[in-house]
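Just below is one structure, and these are the notes that go with it.
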Amino acid sequence: QLVATTVEEDVAFGPENLGVPPDEMRTRVDNSIRLVGLKGYAGHSPHMLSGGQKQRVAIAGILAMEPKCIVLDEATSMLDPAGRKEVLDVLHRLNKNRGITIILITHHMDEAVEADFVFIMQKGRIILNGKPGEIFKNVELIRNAGLDVPQVTALAHILMDKGYPVSELPITLDEMVRVLKNLIGSKGYRNGYRMDTALSPQNKPDKDGTAGQGKITRQNDKIGKDEKNRPVIVAEDVSYVYMPGTTYEKTAIRDINLSISRGEILGIIGQTGSGKSTLVQHFNGILRPTYGKLYVDGTLVTKKEIKELRKKVGLIFQYPEQQLFEETVYKDIAYGLTKMGIPEKEIRRRVFHVTDVLGISPELLEKSPFEL
């Protein structure tokens with residue numbers, strides 16, 4: 001639902017089509033952009049923004065039309081925690097101050113508990129409905145529907161199952177605090193009770209102060225000693241600038257230095273727009289550094305090396321539909337193998353192997369990826 005060349009034009013698209021006068025439209029656009037935390041991005045192209053920022057542009061475009069009811073179809077799913085909180089705060093203000101009805105489709109339970117009323121669906125049917133406090137008492141039913149309950153509810157449920165005197169299942173942090181205060185103050189709990197006395201023997205702290213089952217185990221332990229610490233991706237002072245020399249120039253990453261060893265699992269964490277996606281697109285040559293050097297498997301990444309690089313580094317996008325384009329699921333899975341010149345017999349073997357590993361039903365192979 002992003003259609004224009006700049007953020008402010010996109011937010012103005014709805015009001016413009018509703019015939020809103022220019023002065024009022026300017027006010028609505030500015031207010032909506034500010035409400036979703038994108039002040040300063042009005043002149044940017046929406047398609048140069050991160051996934052989470054794009055979602056906020058879409059929300060701003062709806063807010064600018066000042067509807068009486070707003071339906072959000074998992075509109076916060078790609079936002080970081082701070083971004084989600086910002087959007088939810090906006091929705092609460094719109095509901096409280098302007099009386100706008102909010103319908104929020106979500107799988108985040110901490111969002112669901114803030115609703116006045118909740119519907120839980122499974123296989124096309126509503127299986128539960130009611131106020132959040134009533135709904136989340138049905139812990140097992142909700143889990144059987146493939147969902148979870150709020151963390152505080154799950155914790156209280158465990159305590160209750162273990163025989164602790166928990167009289168109610170909380171759904172918010174404040175309610176959980178009350179439960180714990182009652183629990184700590186109940187008969188049989190002495191002052192100065194230490195949490196580590198509740199650790200089972202296998203979880204007792206080791207000499208270094210860490211609990212036995214709480215250690216971090218590196219994921220490359222099965223690799224031979226000589227190979228274990230061999231770096232496979234190395235970045236040296238890597239920076240990337242989008243659209244250099246234009247009014248839209250933006251430095252997305254700056255002076256990145258990192259070394260990734262063979263067999264490691266590496267997490268890259270940051271807020272929406274912090275440069276995560278820009279960084280990883282360097283790893284298989286979709287982007288090449290504006291400044292600095294990137295080495296993969298000991299080879300400096302250059303335009304000449306791209307074909308070999310992509311045989312070694314695969315990339316899965318934030319939005320899968322951006323890399324699905326063939327007529328059938330089978331052809332889409334086989335596309336890269338075909339480009340690599342692999343014989344048809346080996347392609348079939350690999351396709352059926354990965355579909356088995358990933359639980360993709362064979363009858364889906366002749367369907368269009370966009371039917372899934």
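A few remarks follow.
- Whichever residue in region 277-297 is touching a residue at least 60 places away in the same chain (Cβ under 8 Å) and open to solvent by 40 Å² or more (accessible area, probe 1.4 Å) and, among such residues, is farthest from P244 (Cα to Cα): D297
- Evaluating I265 against the criteria (1) out of contact with any Ser or Thr (no Cβ under 6 Å at 6 or more places or on another chain); (2) modelled with pLDDT of 85 or more; (3) surrounded by 12 or more Cβ atoms within 10 Å (Cβ to Cβ); (4) part of a loop (DSSP other than H, G, I, E, B) leaves one unmet condition, (3).
- Here is the figure for region 79-138: residues that are in contact (Cβ under 8 Å) with a residue 40 or more places away in the chain, of a type in the set (D, E, K, R) and under 18 Å from T153 (Cβ atoms) total 1.
- Close pairs from region 231-252: first without any contact (Cβ under 8 Å) to a residue 12 or more places away in the chain, partner open to solvent by 60 Å² or more (accessible area, probe 1.4 Å), Cβ under 6 Å, at least 6 apart: E249/M243
- Some residue of region 332-342 being more than 27 Å from V296 (Cβ to Cβ) and open to solvent by 60 Å² or more (accessible area, probe 1.4 Å): no
- When T338 is tested against the conditions (1) free of Cβ contacts under 8 Å to residues at least 24 places away in the same chain; (2) over 30 Å from D356 (Cβ atoms); (3) of a type outside the set (K, R), the lone failure is (2).
- Subset tally (residues that are free of Cβ contacts under 8 Å to residues at least 24 places away in the same chain and within 30 Å of P46 (Cβ to Cβ)) for region 255-265: 0
- When the test is whether a residue is within 30 Å of P81 (Cβ to Cβ), at pLDDT below 95, open to solvent by 90 Å² or more (accessible area, probe 1.4 Å) and part of a helix (DSSP H, G or I), Q322 passes it.
- Identification of helices (runs of 4 or more DSSP H) wholly contained in region 44-162 with 3 or more residues that are surrounded by 13 or more Cβ atoms within 10 Å (Cβ to Cβ) and within 20 Å of the chain's Cα centre (by Cα) yields 51-63, 81-98, 109-112.
- Number of the exception - L315 against (1) under 30 Å from I233 (Cβ atoms); (2) part of a helix (DSSP H, G or I): (2)
- Scan of region 24-43 for residues that are open to solvent by 40 Å² or more (accessible area, probe 1.4 Å), at pLDDT below 95 and part of a helix (DSSP H, G or I), ordered by number: N31, R34
- Sole residue being touching a residue at least 12 places away in the same chain (Cβ under 8 Å) and touching a Gly at 6+ places or on another chain (Cβ under 8 Å), chosen from A60, A64: A64
- Only a single item in (1) open to solvent by 60 Å² or more (accessible area, probe 1.4 Å); (2) part of a loop (DSSP other than H, G, I, E, B); (3) closer than 30 Å to K85 by Cα is not met by R254, and it is number (2).
The values are calculated or read from the model by the stated rules, or taken from the named source; none is laboratory data. Keep in mind that what you see is a predicted model, and the values were worked out from it rather than measured. Don't worry about glycine lacking a Cβ; one is built from the backbone with ideal geometry, like all the others, and counts go over all protein chains shown. These area figures cover heavy atoms from the full protein model, side chains too; ligands, DNA and RNA do not enter into them. Shrake-Rupley method; radii C 1.70, N 1.55, O 1.52, S 1.80 Å.
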